[in-house]
Amino acid sequence: MNQETLRPGSGQVKQCQSCKKDFTIESEDFDFYEKMKVPSPTWCPDCRLQRRMVTRNEHFLYKTKCARTGKTIFSMYPVTAKLNVWDVNEWTKDDWNQEEFGKDYDFSRPFFEQFKELLQITPVPCKSVTQLVNSDYSNNSSYLKDCYLSFGVTHGENLLYCENITGSKDCVDSSFILNGELSYDCFFNLKCARAFYSSYCTDCHSIYFCRECLGCTDCFGCFGLRNKSFYIFNEPYLKEEYHKKLEEFKLSSRKSVEEMKKKAGEFWLRHPVKYVRSYKNENCLGEYLTNSKNVQKSYYVNGGENLKYCHSLYNAPAKDSYDHYRYGLNSELIYDCSSCGDQISNLKFSYGCFNNCRNIEYCFYCQRSSNLFGCAGLYGKEYHIFNKQYTKEEYEELVPKIREQMSKMTYTDKKGRVFAYGEYFPPEISPLAYNESIAYEYFPLTKEGAEEYGMSWSEIAEKNYASTIKFENIPDLLEDVADSITGEVLECAHHDKKCSHQCTTAFKIIPQELAFYKRFNIPLPKLCPNCRYFERISVRAPIKLWKCKCNCAGTKSENGIYTNLAKHQHGDEKCVNEFETSYAPERPEIVYCESCYQQEVA
């Protein structure tokens, strides 16, 4: 059992069931658990997040058969998942009885053992989507139009090969974008248009190879500028000179673009970064937080309030929740859930429940429902336990008994970890292999490590696509690309599979993609969409915070590379400010505190 120690005035220290490391439950955490009527966790925050992530396939689609019709479909679940997977359109029909697969609860058996059996027989939709128009090759998305191979998107239009985007349109190969437009190869930009090869920029227009710029237009290779126009590598140019230089850079050449990426990356490292990537927050601690208040130890949250240990709630608003991973969009009182959102309240220990759900516990992919316990694949239902209908009175009498039984008759997984009421689903119940889940990206493990963790591993099937153009023969200049390229199969430069990006070995250029490239003078890629995605997110900050000191040494940075442009409050003395940051101490960036950074970018 977990060992725990009380520290006067600082909460309770427990040993994590999974990693065996100590973690602290603060006094305000107990207030939340009491409010939600749940016991305190026995896993540390990182292990809880990893456990929630293993149930989600982020952006892979598998060709399989609809279990109802036999029709070939694309599914977020591989054949090995052993689920009763239906085409989404079949699952949402009213011509089948959802309660056909319901079960009586058996108090002589552990809850999770019974739930796994229910999950395997109950029809579940092949994809997690709602209100998509001409966007068949997308998943984990809602309110899309004319999108292709885009995942984790809400309110998007004309998006190609994009991930984790909301309120954006006409973008290609971009990730973690809020309210963006006409952008290419970008990462974590807010309200930017015509942004290319740029990241961490806000309210910018017509920028190339820029980072951490705000309110800028027509800038190239710049870092940390505020409200500037016609700058190249932070140097001002006349308008005519600026456009002449852009022509000289020959951005229609892939070779030139790669050289500029390298040059810009080296330039950025010569300037200080703020210790945290945040925008318009109040009393927040974490990374990628925007427009939020009282959000603690969280990651990629937009419009959040009173949150802790939350991740990827970029669809505002989300409030009054702990341990909520993915979605949001008018969510409140959520605890230890994954991929839940869109008008939801009071959800616990559930996955994939969205679209007006209320008072739900231990459910898997339910929609438009309320007062459910231990259900799978239901929509438009109320007062169900294990997919069986009860009266309100019967439900309210039975659920407390099941909670009590879960704590007395616990479930022990094959790694010896104990699961009682108050724990999310055991990892081994996930229908995915470890390397098919999003956990593989944030908590990378080898095959041996995944099996030690208690999950299976998927051997990626050999792909032997017959490419018609070898990667070294893909035209360097956009001007040399004929419209007939859309009928070719291009070899990925990683086709020899020396990368760990789940390379598809070959790819095609679709007509709307080529039109975008020609409109903005962008050379053809030489990598498949999977490899492009993994290279793009290589700039993503880890979900970990280190205690560090400001790197400002007075008039210069500690490493002597950067000379301050302004006089700081600490004068010629080293800044004494400390903070928590996602920049590890060994990283090459020059990391400044809020005060020192603002002095340099004002």
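The values are calculated or read from the model by the stated rules, or taken from the named source; none is laboratory data. Not measured: the values here are computed from a predicted model. No Cβ is skipped: glycine too gets one built from the backbone with ideal geometry, and neighbour counts run over all protein chains shown.
Only one of 322, 231 is in contact (Cβ under 8 Å) with a residue 12 or more places away in the chain, under 30 Å from residue 423 (Cα atoms) and either within 20 Å of the chain's Cα centre (by Cα) or in a strand (DSSP E or B) (or both). Can you tell me which? Steps first, answer last, please.
On the way: 231 fails: under 30 Å from residue 423 (Cα atoms).
None of the others qualify; the one that does is 322.
Residues that are of a type outside the set (A, V, I, L, M, F, W, C), at positive phi, touching a Ser or Thr at 6+ places or on another chain (Cβ under 8 Å) and without any contact (Cβ under 8 Å) to a residue 60 or more places away in the chain: does the range 488-498 have at least one? So that I can check it myself, show each step before the final result.
Of all residues in the range 488-498, those of a type outside the set (A, V, I, L, M, F, W, C) come to 488, 491, 494-498.
Narrowing further to those that are at positive phi: 497.
Pick out the ones that are also touching a Ser or Thr at 6+ places or on another chain (Cβ under 8 Å) and you get 497.
Imposing the further condition that a residue be without any contact (Cβ under 8 Å) to a residue 60 or more places away in the chain reduces the set to 497.
Within the range 488-498, one or more residues are of a type outside the set (A, V, I, L, M, F, W, C), at positive phi, touching a Ser or Thr at 6+ places or on another chain (Cβ under 8 Å) and without any contact (Cβ under 8 Å) to a residue 60 or more places away in the chain.
Among the residues of the range 109-119, is there at least one that is within 25 Å of residue 342 (Cα to Cα), in a strand (DSSP E or B) and not assigned by TED's automatic domain parsing to the domain that holds residue 524?
No, every residue in the range 109-119 fails to be within 25 Å of residue 342 (Cα to Cα), in a strand (DSSP E or B) and not assigned by TED's automatic domain parsing to the domain that holds residue 524.
Identify all residues within the range 53-69 that are surrounded by fewer than 19 Cβ atoms within 10 Å (Cβ to Cβ) and acidic (Asp, Glu); write none if there are none.
Residues satisfying the conditions do not exist here.
Hey, could you check the range 12-52 for residues that are surrounded by 15 or more Cβ atoms within 10 Å (Cβ to Cβ) and over 22 Å from residue 311 (Cβ atoms) and say which is modelled with the highest pLDDT? Explain how you work it out, then say what you get.
Kept after step one, since they are surrounded by 15 or more Cβ atoms within 10 Å (Cβ to Cβ), are these residues of the range 12-52: 12, 14-18, 23, 25, 29, 32-33, 36, 38, 40-52.
Next cut, over 22 Å from residue 311 (Cβ atoms) only: 12, 15.
On the way: 12: 92, 15: 97.
Filtering first and then ranking leaves 15.
Given the conditions (1) free of Cβ contacts under 8 Å to residues at least 24 places away in the same chain; (2) surrounded by 22 or more Cβ atoms within 10 Å (Cβ to Cβ), which single one is not true for residue 293?
(2)
Looking only at the range 166-190, count how many residues are closer than 20 Å to residue 527 by Cβ and part of a loop (DSSP other than H, G, I, E, B).
5
Which count do you get for residues in the range 351-374 that are free of Cβ contacts under 8 Å to residues at least 40 places away in the same chain and in a loop (DSSP other than H, G, I, E, B)?
6
Among what's in the range 314-352 and is aliphatic (A, V, I, L, M) and at pLDDT 95 or above, pick the residue that is farthest from residue 59 (Cα to Cα). Break it down into steps so the answer makes sense when it comes.
Taking the range 314-352 as the starting set, the residues that turn out to be aliphatic (A, V, I, L, M) are 316, 318, 329, 333-334, 344, 347.
Within this subset, residues satisfying the condition of being at pLDDT 95 or above are 318, 333-334, 344, 347.
Numbers: 318: 23, 333: 27, 334: 24, 344: 24, 347: 25 Å.
If we take residues in the range 314-352 being aliphatic (A, V, I, L, M) and at pLDDT 95 or above, then 333 is farthest from residue 59 (Cα to Cα).
How many residues does the range 439-474 hold that are under 30 Å from residue 509 (Cα atoms) and in a loop (DSSP other than H, G, I, E, B)?
Going residue by residue through the range 439-474, those that are under 30 Å from residue 509 (Cα atoms) are 439-442, 458-474.
Filter once more, keeping what is in a loop (DSSP other than H, G, I, E, B): 458-468, 470, 474.
Number of matching residues: 13.
In the range 191-211, what residues are part of a strand (DSSP E or B), more than 17 Å from residue 261 (Cα to Cα) and touching a Gly at 6+ places or on another chain (Cβ under 8 Å)?
Passing the criteria: 193, 202.
Take the range 195-210 and flag every residue that is touching a Ser or Thr at 6+ places or on another chain (Cβ under 6 Å) and either β-branched (Val, Ile, Thr) or over 19 Å from residue 522 (Cβ atoms) (or both). It would help to see each step written out before you state the result.
Start the filter on the range 195-210 by keeping residues that are touching a Ser or Thr at 6+ places or on another chain (Cβ under 6 Å), which leaves 195, 205-207, 210.
Scanning the range 195-210 gives a single hit, 207.
So, in the range 316-338, exactly how many residues are closer than 20 Å to residue 177 by Cβ and surrounded by 24 or more Cβ atoms within 10 Å (Cβ to Cβ)? Outline the logic, then answer.
Step one: list which residues in the range 316-338 are closer than 20 Å to residue 177 by Cβ, which gives 316-318, 325-329.
Remaining after also requiring surrounded by 24 or more Cβ atoms within 10 Å (Cβ to Cβ): 318, 325-328.
Adding up the residues that qualify gives 5.
Restricting to the range 339-375, name every residue that is aliphatic (A, V, I, L, M) and under 22 Å from residue 316 (Cβ atoms).
Residues of the range 339-375 aliphatic (A, V, I, L, M): 344, 347, 360, 372.
Within the range 339-375, 344, 347, 360 qualify.
Taking the range 250-274, which residues are hydrophobic (A, V, I, L, M, F, W, C) and surrounded by fewer than 18 Cβ atoms within 10 Å (Cβ to Cβ)? Step through it out loud before you land on a result.
So the first thing to find is which residues in the range 250-274 are hydrophobic (A, V, I, L, M, F, W, C), and the list is 251, 257, 260, 264, 267-269, 273.
Of everything in the range 250-274, those that are hydrophobic (A, V, I, L, M, F, W, C) and surrounded by fewer than 18 Cβ atoms within 10 Å (Cβ to Cβ) turn out to be 267, 269.
So for the range 500-512 (the condition being surrounded by 15 or more Cβ atoms within 10 Å (Cβ to Cβ), of a type in the set (A, V, I, L, M) and either within 25 Å of the chain's Cα centre (by Cα) or not assigned by TED's automatic domain parsing to the domain that holds residue 256 (or both)), does at least one residue qualify?
Yes, some residue in the range 500-512 is surrounded by 15 or more Cβ atoms within 10 Å (Cβ to Cβ), of a type in the set (A, V, I, L, M) and either within 25 Å of the chain's Cα centre (by Cα) or not assigned by TED's automatic domain parsing to the domain that holds residue 256 (or both).
Output the number of residues of the range 119-151 satisfying the condition of being among the acidic types (Asp, Glu) and either closer than 22 Å to residue 379 by Cα or surrounded by 20 or more Cβ atoms within 10 Å (Cβ to Cβ) (or both). It would help to see each step written out before you state the result.
Of the residues in the range 119-151, the ones among the acidic types (Asp, Glu) are 136, 146.
Okay, now just the ones that are also either closer than 22 Å to residue 379 by Cα or surrounded by 20 or more Cβ atoms within 10 Å (Cβ to Cβ) (or both), so 136.
Counting residues in the range 119-151 that are among the acidic types (Asp, Glu) and either closer than 22 Å to residue 379 by Cα or surrounded by 20 or more Cβ atoms within 10 Å (Cβ to Cβ) (or both) gives 1.
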